Amino acid sequence: MWITFGFTFASFVLGGLSWWVPTFVEYAIYSKGGKPTQIPLIFGVITCFSGLFGVGASSLIAPRLRAKYSYADPLLCAVGSLIAVPTLFALIFIIDSAPFYLFWFIAAVAISAMCLSWTLVADVLLYAIYPTKRSIASALNILICHLFGDAGSPYI
C-alpha cells in the first residue's frame with residue numbers, strides 16, 4: 001500500500017510537469033522578449049531520454065545494492081525523490097536568470113531522478129505480494145497510480 005501511495009504522488013508530479021513545463025518555459029521566453037520555438041518537442045525528447053536513463057540506472061544500481069542492503073529498493077526510491085525535489089524547486093527560480101541549456105540540463109536531472117523508482121515499484125510490488133495475488137495487486141497499483149496520479153494532475 002505504501003509503495004502505491006508513494007508512486008501515485010510521483011505520477012502526479014510527472015503528469016503535471018509533462019503538461020505545464022512547456023507552457024512555463026514559453027512564458028519565460030516571452031517575458032525575456034524572445035520567441036519560443038519547439039519547446040514541447042525539446043521537453044518531450046529530454047523527458048524520453050531522461051526517463052530511459054533513470055529507469056536504466058535503477059535497473060543497474062538496485063541489484064548491486066540489494067546484495068548488501070535488504071532495503072535497497074525503497075532507499076533508491078527515496079534518493080531519487082531527494083534529488084528530484086530540490087532540482088524541481090531550483091527550476092522555478094533559475095528560468096529567468098540561467099541560460100536555457102542549464103535549465104534543460106537541470107530538468108533532465110530532475111526527471112531522471114524521478115524515474116529511478118519506476119522499475120523498483122514493480123519489483124517491490126512483485127516480491128511483497130503472494131504469487132497468487134500479484135496480478136490483481138499489479139492491476140490495482142496501475143489503476144490507482146494513474147487515476148489519482150497523472151490523470152488528474154494537470155488539471156489540479
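The values are calculated or read from the model by the stated rules, or taken from the named source; none is laboratory data. This one's a predicted model, so the numbers in the text were calculated from it and none came from an experiment. Here Cβ is always computed from backbone atoms with ideal geometry, including for glycine, and neighbour counts include all displayed protein chains. Note: accessible area is taken over every heavy atom of the protein model, side chains too, but ligands, DNA and RNA are not part of it. Shrake-Rupley method; radii C 1.70, N 1.55, O 1.52, S 1.80 Å.
Accessible area per residue for the chain in Å², computed with a 1.4 Å probe and the full protein assembly in place, what is it?
Details: 9660 Å² over 156 residues.
About 62 Å² of surface per residue is accessible.
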Requested in this report: Report the label-to-label distance for residue 27 and residue 144 in nanometres (one decimal), using points 7 Å from each Cα along the Cα→Cβ vector.
Outcome: 3.3
**Report entry** Convex hull volume of region 25-154 per residue (C-alpha atoms, cubic angstrom)
**Finding:** 117
Report task. Choose one answer from 55, 124, 109: the residue with the largest mean-square fluctuation in a GNM of the chain with alpha-carbon springs under 10 Å. Result -> 124
Requested in this report: Within the chain, what's the longest run with no chymotrypsin sites (Phe, Trp or Tyr not before Pro) in a DSSP loop and at most 12 other beta-carbon atoms within 10 Å? Give the range, please.
Outcome: 72-154
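Rounded to the nearest 0.05, what FRET efficiency do residue 75 and residue 9 give with R0 = 25 Å and r taken as the Cβ-Cβ distance? Could you check? Intermediate results must be reported in sequence, preceding the final value.
On the way: r = 17 Å, r/R0 = 0.70.
Approximately 0.90, to the nearest 0.05.
Go through 1, 114 and list them by solvent-accessible area, largest first, probe radius 1.4 Å. Write out the running numbers ahead of the final one.
Numbers: 1 195, 114 20 Å².
Largest to smallest exposure gives the sequence 1, 114.
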Report summary line: Across 119, 87, 37, the residue with the highest GNM fluctuation in the chain (Cα network, 10 Å cutoff) is 37
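Under a Cβ-only charge scheme (Lys and Arg +1, Asp and Glu -1), can you give me the dipole magnitude of region 11-141 about the Cα centre, in debye to the nearest 20?
300
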Query raised in the report: Hey, how many Å between the Cα centroid of region 16-54 and the Cα centroid of region 106-122?
Result: 17
Query - Segment residue 101-residue 41, extension gain: residue separation times 0.36 nm, minus the distance between their alpha carbons - result: 20.1 nm
Report task. Evaluate the distance, in nm, between pseudo-label points positioned 7 Å from the Cα of residue 19 and of residue 61 along their respective Cα→Cβ axes. Result -> 2.9
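Taking a cut-off of 14 Å, what percent of all Cα-Cα pairs in region 28-94 are separated by more than that? Walk me through the numbers on the way to the answer.
Numbers: 1612 of 2211 pairs.
Of the Cα pairs, 73 percent sit more than 14 Å apart.
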Requested in this report: Calculate one ³J(HN,Hα) per residue across region 110-121 by plugging θ = phi - 60° into the Karplus curve 6.51 cos²θ - 1.76 cosθ + 1.60, and present them in order as whole Hz with x for glycine and proline.
Outcome: 4, 5, 4, 5, 5, 7, 4, 8, 4, 5, 5, 4
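If R0 is 22 Å, what FRET efficiency do you get for residue 1 and residue 155 from their C-beta distance, rounded to 0.05?
Values: r = 26 Å, r/R0 = 1.16.
Plugging the Cβ-Cβ distance into 1/(1 + (r/R0)^6) gives 0.30.
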Requested in this report: Would you work out what percent of the accessible area of region 1-148, with all protein chains in place, is carbon or sulfur (probe 1.4 Å)?
Outcome: 76
Query - Taking all pairs of distinct alpha-carbon atoms in region 65-121, Kirkwood radius in angstrom - result: 12.2
Query raised in the report: Just 29, 129, 111 to compare: in a GNM of the chain, with alpha carbon springs under 10 Å, which one fluctuates most?
Result: 129
